[in-house]
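First comes the structure, then the notes that go with it.
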Amino acid sequence: MEGSVEKPMKIKVAFFDAKEYDRASFEKSNSDGEFDIRFFETRLTETTAKLAEGCDAVCVFVNDILSAEVIDQLMGNGIKLIALRCAGYNNVDIEYAYRKIHIVRVPAYSPYAVAEHAMALLLTSVRRIHKAFIRTKEFNFSLNGLTGFDLHGRTIGVVGTGRIGRIFIDICRGFGMNVIAYDKFPAGESGITYVPLGELLEKSDIISLHCPLTEENRHMVNADTIARMKQGVVLINTSRGALIDSVALLDGIKARKIGAACLDVYEEESDVFFHDFSENIVDDDTLARLISMPNVIVTSHQAFLTEEALSNIADTTLSNIREYFQYNRCGNEICYKCENSASCLQSHVAKCF
Ligand code: NAI
């Protein structure tokens, strides 16, 4: 029609593993309708990948599966971009994706959310708040068995001193704890006391994991490393489940070697976390046994779940997608070669390949 202006095509996004809170934050961020977002409750897997047909991008979370097979299917369906709405990307076969499909992520949305959750778990555990809460709900005001210990003066070993690890260190210092740390790439002039991993294992009363999961550090907490830890050590994992060998952890708890475990992540979590199994029989015996322990606290990958983080996740994810399709590049792109900047082109042309 004469004088009519053609509307630009909306970018179509297939949004997997959508929860109520995801929808709310993304609909708010997309209130002007810039993107055509199709929400799917199901996770992305080999069998659900076809739902993305006709879309330009997929938006995925920590338990969606981005194997070689899924990547092939997505590409066959015309998907040009994988937009992770999380920081970690151990669920993506980035080696296979290299030079095939671009991947963007949200590197930081609220490191405070995760660091504060780690401390919440630690305090809950050492002051037995999880037990006291249930007792007083039943008008049981007995204090027997609720004796905790002071965090002040205790040594905490922090593994991974990136965004979250450093905030967690600051929180621990506020409690008057003695902080030691291990990082594969220690930060210079940070005021952090770095020690070799072995020394951290041997000296720490509490150990908190804040490093990414890689092939190299899978099961870094195992029977051998647990044997080197202090008697009664408290373990906190808000990073990725497979950093800990859960069977070895369970053995360490049964042997009374491990004093307590605070787990926001679990290596087999993708089959259970984010779903209500309260009316079902859970098949995972290791998880069931861990949960049955009085000194184990499990939260279901909720450390990130604050209003601030959800809003930052939605804003950054949509701006990543916009940036990629408008400018054919994105500062938050990641690739197999990124950690080795010499061969990743991002440093030269702001695009990984
Ligand atoms: P970051 O990238 O800022 O810091 C990671 C640190 O770990 C870096 O200093 C790095 O040098 C170090 N590192 C890498 N490989 C290591 C190894 N093998 N041993 C020791 N240190 C190593 O990441 P950020 O933002 O601090 O996040 C840390 C982890 O927290 C993420 O990788 C993710 O797995 C997890 N996370 C969990 C969430 C939750 O809801 N539970 C939410 C967000 C992140």
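Okay, residues lined up against (1) touching a residue at least 40 places away in the same chain (Cβ under 8 Å); (2) within 23 Å of the chain's Cα centre (by Cα); (3) surrounded by 14 or more Cβ atoms within 10 Å (Cβ to Cβ):
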position	(1), (2), (3)
Met229	no, no, yes
Ala248	no, yes, yes
Ala288	no, yes, no
His301	yes, yes, yes
Thr306	yes, yes, yes
Ala309	yes, yes, yes
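Only one of the listed residues (Tyr109, Tyr89, Tyr21) is surrounded by fewer than 16 Cβ atoms within 10 Å (Cβ to Cβ) and either touching a residue at least 40 places away in the same chain (Cβ under 8 Å) or of a type in the set (S, T, N, Q) (or both). That residue is Tyr21.
Of all residues in segment 148-161, those that are touching a residue at least 24 places away in the same chain (Cβ under 8 Å) and over 16 Å from Thr124 (Cβ atoms) have Cβ atoms under 8 Å from Cβ atoms of residues that are within 16 Å of the ligand (Cβ to nearest atom) and of a type in the set (Asp, Glu), 6 or more apart or on another chain, in Val159/Asp183; Gly160/Asp183; Thr161/Asp183. Could you please let me know if Gly191 is of a type in the set (Gly, Ala, Ser) and within 16 Å of the ligand (Cβ to nearest atom)? It is true that Gly191 is of a type in the set (Gly, Ala, Ser) and within 16 Å of the ligand (Cβ to nearest atom). Among the residues of segment 232-252, those that are more than 21 Å from Ile180 (Cβ to Cβ), within 15 Å of the ligand (Cβ to nearest atom) and touching an Asp or Glu at 6+ places or on another chain (Cβ under 7 Å) comprise Gly241, Ala242. If you go through segment 149-168 and keep only what is away from the ligand (no atom under 16 Å from the Cβ) and either more than 25 Å from Ile291 (Cβ to Cβ) or in a helix (DSSP H, G or I) (or both), you end up with Asp150, His152, Gly153, Arg154, Thr155.
All conditions but one from (1) in contact (Cβ under 8 Å) with a residue 12 or more places away in the chain; (2) assigned to a helix (DSSP H, G or I) apply to Ala120; the one that does not is (1).
Residue check: is Gly162 touching a His at 6+ places or on another chain (Cβ under 8 Å), crowded, with 17+ Cβ neighbours inside 10 Å and within 27 Å of Glu267 (Cβ to Cβ)? Yes; evaluated as a whole, the condition is true for this residue.
Criterion applied to Phe35, Phe40, Phe133 was being among the aromatic types (Phe, Trp, Tyr), within 18 Å of Arg322 (Cα to Cα) and modelled with pLDDT of 95 or more, and the one residue passing it is Phe35. Residues that are in contact with a Leu (Cβ under 8 Å, 6 or more places away or on another chain) and of a type in the set (Ser, Thr, Tyr) were ranked within segment 203-231; the one that is farthest from the ligand (Cβ to nearest atom) is Thr225.
Return yes when Tyr182 is within 13 Å of the ligand (Cβ to nearest atom) and more than 25 Å from Phe304 (Cα to Cα) and no when it is not. No; evaluated as a whole, the condition is false for this residue.
Considering every residue within segment 141-148, establish whether at least one is within 12 Å of the ligand (Cβ to nearest atom) and either part of a helix (DSSP H, G or I) or in contact with a Lys or Arg (Cβ under 7 Å, 6 or more places away or on another chain) (or both). The answer is no; no qualifying residue exists.
The values are calculated or read from the model by the stated rules, or taken from the named source; none is laboratory data. Because the structure is a prediction, the values reported are computed rather than measured. Positions of Cβ are backbone-derived with ideal geometry, glycine not excepted, and every protein chain shown enters the neighbour counts.
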